[in-house]
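This report concerns only the one structure given below.
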Amino acid sequence: MNEAKAKVLAGFEGAVRLTDTGVEISDSTALQGDPMDRLVWAAVFGADAEREAARAVIWDIAQAVGCRPASIHDLYIARGRGDVGGFTVPAINVRMMAYDTARAVFRAAVARNAAAILLEIARSEIAYTDQRPAEYVSVILGAAIREGYRHPVFIQGDHCQVNAKKYAVDPEAEVGEVKKLIAEEVAAGFYNIDVDTSTLVDLSFETLDEQQRANYERAAEITRFIREREPDGVTVSVGAEIGEVGHKNSTVEELHAFMEGYNRTMAATGRAAGISKISVQTGTSHGGVVLPDGSIAEVKLDLEALEALGRSAREDYGLGGAVQHGASTLPGDAFGNFPRVETAEIHLATNFQNIVFDHPALPADLRARMYAWLDENAAGERGAKDSDEQFYYKTRKKAIGPFKRELWSLPAAVRQQIGASLEETFGFLFDQLQVGDTATIVSQYISAPALRHAALGKVAAVAEDDPDAGE
């Protein structure tokens with residue numbers, strides 16, 4: 001491995017030196033140039049030995065310069081105590097042109113001294129974007145290093161979701177698949193995990209406790225599973241969910257039913273730390289609702305319900321607050337409402353993908369070939385009354401993985417133009433969500449212990465028909 005590491009460090013002569021425990025950095029400016037781009041490329045597209053060496057080196061450099069994978073748990077618990085507030089953490093799903101997108105995130109963050117930011121990928125996204133957890137961590141850390149970001153990096157497993165149909169056939173097998181993915185994510189450096197068993201809520205029962213029982217019992221079970229696997233010195237931030245996104249709006253009474261049941265279940269099996277936040281449904285849907293002309297329908301977001309749910313989560317249970325999913329396609333003037341009502345976290349994805357797909361700098365022939373691929377490979381997802389605009393909007397994310405290498409290989413000028421548009425959008429969102437200058441708050445509450453890189457064995461791929469829970 002050391003010989004392979006030396007090879008991938010060939011562009012860093014005199015700046016980065018291998019040691020027995022990692023790397024030594026003598027010239028940090030060398031980390032913000034083309035050699036880092038080549039190192040990340042090797043971590044994604046290199047042959048086996050080169051790829052694994054590049055991933056280990058990126059991890060070691062991140063450890064050395066201070067942008068280490070970390071858990072946001074303690075910050076959220078501080079929020080539950082009332083110690084901090086007034087900002088909403090953006091959780092950004094990085095799907096398309098992942099390195100360029102993540103670099104844009106960190107450029108916008110550095111410009112604002114922002115650090116209360118999550119970068120995440122959902123169970124479903126792993127499949128259609130062709131990004132396993134170890135690769136994802138390397139890309140995110142590589143982007144942080146490249147842009148001079150020197151704060152803890154919060155990487156999250158979004159929607160580690162139980163598929164209700166598969167659960168009905170074989171509950172233990174389906175929960176086992178979710179656990180397998182979580183184990184892979186935690187080993188790779190995902191120290192923030194959103195457990196989504198809200199798909200198991202059964203509204204046919206008369207009482208709220210019965211409706212939420214499978215949800216809270218399985219959420220507690222998976223929480224304990226995570227606690228058994230987290231590294232020493234890390235309390236993984238675990239989130240749970242009480243209402244499936246795109247379905248019935250959540251109520252404070254449902255929050256109480258879930259939390260009372262969850263806390264009872266956790267207490268019965270020991271003193272392991274519980275969740276730090278709770279996801280709720282207040283009117284949004286993943287990706288928005290696309291109209292026949294390709295535009296997105298207006299969202300009726302219930303801010304009063306969101307505020308009440310967040311207040312109960314903090315005051316009654318000491319959590320960081322409520323989490324809003326499916327927010328990226330909201331109108332721009334909506335985002336300032338989230339910190340106003342003390343929303344802990346919002347999840348953002350589809351609009352960033354849209355920026356890339358619809359960008360004038362993206363070659364028209366590439367977009368056309370991606371759409372042609374969808375015509376051939378996603379035709380079964382076209383509704384009987386779907387316009388072309390609706391079909392392509394709903395399915396085009398499925399072309400990200402098959403065209404990943406080509407998207408990463410676009411000319412530098414094209415990637416720079418797309419990256420600039422992404423950075424502008426991220427900057428706007430960070431300003432609206434009031435996360436500027438949160439680096440000081442993060443440094444006060446978050447410590448990221450130095451950890452050795454864990455070499456992962458082969459893990460079964462997530463099936464393409466897993467639930468599509470991305471934003």
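Run the dipole for region 2-65 about the Cα centre, Lys and Arg Cβ at +1, Asp and Glu Cβ at -1, nothing else charged, and hand back the magnitude in debye, nearest 20.
On the way: 6 positive and 11 negative charges, 19 e Å.
Rounded to the nearest 20 debye, it is 80 debye.
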List residues of region 405-435, by number, whose backbone nitrogen lies under 16 Å from a label position 7 Å along Cα→C-beta of ALA361. 407-427
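Rounded to the nearest 20 Debye, what is the dipole magnitude of region 112-268 about its Cα centre when Lys and Arg each give +1 and Asp and Glu each give -1 at the C-beta? Spell out each step's value before the answer.
On the way: 16 positive and 28 negative charges, 114 e Å.
That gives region 112-268 a dipole magnitude of about 540 debye.
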Dipole axis of the chain (+1 Lys, Arg; -1 Asp, Glu on Cβ), positive-most option in HIS73, PRO339, LEU200: HIS73
Here region 3-10 yields Karplus 3J(HN,Hα) values (6.51, -1.76, 1.60; θ = phi - 60°; whole Hz; Gly and Pro given as x) of 5, 5, 5, 4, 5, 6, 8, 4
Under the Debye formula (equal points on every Cα, no solvent term), log10 I(q)/I(0) of region 96-148 at q = 0.14, 0.21, 0.22 Å⁻¹: -0.36, -0.75, -0.81
In angstroms, what radius of gyration and Dmax does region 72-225 have, counting Cα atoms only? 17.4, 54
Can you find, among GLN131, GLY86, THR251, the residue sitting farthest towards the positive end of the charge dipole of the chain, where Lys and Arg contribute +1 and Asp and Glu -1 at Cβ? GLN131
Rg/Rh ratio calculated on Cα atoms of region 363-407 (Kirkwood radius): 0.97
Which of the lysines could a cross-linker bridge to LYS397, judged by Cα under 27 Å and excluding same-chain residues fewer than eight apart? LYS165, LYS166, LYS179, LYS180, LYS248, LYS300, LYS385, LYS458
Residues with amide H under 5 Å from that of LYS277, placed H, sequence gap 5 or more: ALA240, GLY320
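Fewest to most neighbouring Cβ within 10 Å: what's the order for THR395, THR88, THR21?
In increasing order of surrounding Cβ atoms, one gets THR21, THR395, THR88.
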Extension gain from GLU376 to ALA450, taking 0.36 nm per residue of separation minus the Cα-Cα distance: 21.9 nm
Three principal axis lengths of region 348-437 [C-alpha, angstrom, descending]: 48, 30, 20
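If you take every DSSP beta bridge fully contained in the chain, what fraction is antiparallel? Give it as a percent rounded to 5. If you can, show how the numbers build up before the last one.
Details: 4 of 33 bridges.
Roughly 10 percent of the DSSP beta bridges within the chain come out antiparallel.
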Would you be so kind as to identify which of ALA399, ALA372, GLY383 lies farthest towards the positive end of the dipole of region 363-407, taking Lys and Arg as +1 and Asp and Glu as -1 on Cβ and the Cα centre as origin? ALA399
Value of Rg/Rh across the chain [Cα atoms, Kirkwood radius]: 0.95
Using only alpha carbon pairs under 8 Å that are at least six residues apart, calculate the relative contact order of region 2-65 and give it in whole percent. 37 percent
Which three numbers, in whole Å and largest first, are the semi-axes of the equivalent ellipsoid of region 309-400 derived from its Cα gyration tensor as √(5λ)? 36, 15, 11
By Kyte-Doolittle mean hydropathy of at least 0.0 and Cα axial length of at least 15 Å, which whole DSSP H helices of the chain are selected? 34-45, 48-65, 98-112, 133-146, 171-188, 412-432
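Given charges of +1 on the Cβ of Lys and Arg and -1 on the Cβ of Asp and Glu, with all other atoms neutral, how large is the dipole of the chain about its Cα centre, in debye to the nearest 20? Working shown, then result.
Values: 47 positive and 70 negative charges, 209 e Å.
With only Lys, Arg, Asp and Glu charged at Cβ, the dipole is about 1000 debye.
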As a Kirkwood estimate from alpha-carbon pairs, region 414-453 has a hydrodynamic radius in angstrom of 12.7 Å
Final fewest-first order of VAL175, VAL201 on the 10 Å Cβ neighbour count is VAL175, VAL201
Counting other C-beta atoms within 10 Å, which of TYR191, TYR445 has the fewest, and how do the rest follow? TYR445, TYR191
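Against the empirical 2.2 N^0.38 Å scaling, what ratio does the C-alpha Rg of region 2-65 come to? Please report the intermediate quantities before stating the final value.
On the way: Rg = 10.4 Å, N = 64, 2.2 N^0.38 = 10.7 Å.
Compactness ratio reported: 0.98.
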Centroid-to-centroid separation of region 165-179 and region 305-337 [C-alpha atoms, Å]: 30 Å
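Computed from the coordinates by the stated procedures, all read-outs in this text should not be read as laboratory data. Since this is a predicted model, take the numbers as computed values, not measurements. As a convention, Cβ positions derive from the backbone with ideal geometry for all residues, glycine included, and neighbour counts pool all protein chains shown.
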